[in-house]
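All remarks here apply to the structure that follows.
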Amino acid sequence: MKKRIQSFFNSQLDSWSLAKNNYSALKAVKTKKFKIDGIDVYACHNPARISSSSASVDKDSVERRKCFLCKENLPPDQQYLTMGNLFFLLVNPFPLSPIHFTIVSKNHKKQTITDSMDKFIRFAADLEGMAVFYNGPDCGASAPDHLHFQAISKDMAPLLKQQRMILKRFGTTIYGNNNLQLQFVDSPVNWFYFIRFNDTHKGEKAFYILYNHLSSTAKHTKEPMLNIICIMENNYWDILLFPRKKHRPPQYYFKDERHYLFSPASAEMAGLCIFPLDKDFEKINKFDLRNMLNIVCTEKERLDEINNGLREELYGLDA
Ligand SMILES: [Zn+2]
């Protein structure tokens, strides 16, 4: 990590007691490790994440509250570091990993990946080796009204640790050449697109082609529901894109013993599943976990159709 970013993180932990306490509490987070067909998935009991997991993100609730990502509303102890002309970096005071940043637009404007993919790719390079992620406005972003990304230590997410094995066992190549690969990965836990590139122009283009295919069949009038993770290492970028059909699993809304306060976003899609409530953590088993991670993903039948169109369009570019 760049020196100025590491020293910013250290100085915030020195001067901000809320952050300091929450980062040290992270060491005591209990974890259950499950194996689903050979794939690791972690359930973590992290009470500090309650406001994120249970955030009301409907239009009225969002309009009623003060935006917590606007600079003028930051707590007095929270500092920021400029990232280019348009964004700044914050230390996330409710961490998922030993280092956790939020990368925030300087302007209050809605959460959308449209027109921001180039910045997202650049932040992954600025935070080389970290998992930088984007949660769509209906897929786990707790501030759907203010454009932001987050970054966590990639080793915290089991899917990223097992990525090579998972791609080998469950990946199907849709397109591949020397500087761009696109795969569909049909894992038993969830399914996603994987894009690897070393030419950012080509990578961005492939992303928007995929994005347009997902948009064209989306019932949604806004952007297609998705979570995206981007990691840059050794001059290669990896993008994992999870197409979603539900914001939260039905279990979130049940009023009986089947209820779980579980709200999947990028971290959960990568196998780092946060349960803020003790009773849920005690109860969770691999069957419920797999069910809740499966049910929020876009139906595979729909993606099969998309994949055919995608293949044609990508190979058409070479012709
Ligand atoms: Zn704002």
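Scan the range 95-116 for residues that are surrounded by 19 or more Cβ atoms within 10 Å (Cβ to Cβ), over 15 Å from Ser266 (Cβ atoms) and touching a residue at least 60 places away in the same chain (Cβ under 8 Å) and jot them down.
Ile99
Give Lys161, Lys168, Lys154, Lys222 a once-over and let me know the one that is without any contact (Cβ under 8 Å) to a residue 40 or more places away in the chain, more than 16 Å from the ligand (Cβ to nearest atom) and of a type in the set (D, E, K, R).
Values: Lys161 fails: without any contact (Cβ under 8 Å) to a residue 40 or more places away in the chain; Lys154 fails: without any contact (Cβ under 8 Å) to a residue 40 or more places away in the chain; Lys222 fails: without any contact (Cβ under 8 Å) to a residue 40 or more places away in the chain.
Just one listed residue meets the conditions, Lys168.
Residue by residue through the range 111-131, note down the ones that are out of contact with any helix residue (DSSP H, G or I) (no Cβ under 9 Å at 6 or more places or on another chain) and among the charged types (D, E, K, R).
Asp115, Lys119, Glu128
Here is a check on your reading of the model: is Ser24 exposed (fewer than 12 other Cβ atoms within 10 Å of the Cβ) and either of a type in the set (A, V, I, L, M, F, W, C) or under 24 Å from the mean Cα position of the chain (by Cα) (or both)?
yes
Just the residues that are surrounded by fewer than 24 Cβ atoms within 10 Å (Cβ to Cβ), under 21 Å from Thr298 (Cα atoms) and of a type in the set (D, E, K, R), please, taken from the range 248-278.
Arg248, the sole residue that qualifies.
Looking at (1) without any contact (Cβ under 8 Å) to a residue 60 or more places away in the chain; (2) in a helix (DSSP H, G or I), can you tell me which one Phe149 breaks?
(2)
Give the residues of the range 99-117 that are among the β-branched types (Val, Ile, Thr), under 18 Å from Gln6 (Cβ atoms) and assigned to a strand (DSSP E or B), sorted by residue number.
Selection gives Thr102, Ile103.
Looking at the range 118-146, which of its residues are within 16 Å of the ligand (Cβ to nearest atom) and closer than 21 Å to Lys3 by Cα?
none
Within the group Leu310, Leu261, Leu277, which residue is more than 30 Å from Phe123 (Cα to Cα) and in contact with a His (Cβ under 9 Å, 6 or more places away or on another chain)? Lay out the reasoning, then the answer.
Values: Leu310 fails: more than 30 Å from Phe123 (Cα to Cα); Leu261 fails: in contact with a His (Cβ under 9 Å, 6 or more places away or on another chain).
Of Leu310, Leu261, Leu277, the one residue that is more than 30 Å from Phe123 (Cα to Cα) and in contact with a His (Cβ under 9 Å, 6 or more places away or on another chain) is Leu277.
Given the condition outside any loop (DSSP other than H, G, I, E, B), surrounded by fewer than 16 Cβ atoms within 10 Å (Cβ to Cβ) and touching a Gly at 6+ places or on another chain (Cβ under 8 Å), answer yes or no: does some residue in the range 283-293 qualify?
no
Does the range 224-273 hold any residues that are of a type in the set (S, T, N, Q) and assigned to a loop (DSSP other than H, G, I, E, B), and which are they?
Across the range 224-273, the qualifying residues are Asn234, Asn235, Ser263.
Please tell me if Phe149 is more than 16 Å from the ligand (Cβ to nearest atom), within 12 Å of the chain's Cα centre (by Cα) and surrounded by 24 or more Cβ atoms within 10 Å (Cβ to Cβ).
Taking the combined requirement at face value, the residue does not satisfy it.
Every number here is computed from the coordinates shown, using simple stated rules; none is lab data. What you see is a predicted model, and the numbers here were worked out from it, not measured in a lab. Backbone-built Cβ (ideal geometry, glycine too); neighbour counts: all protein chains shown.
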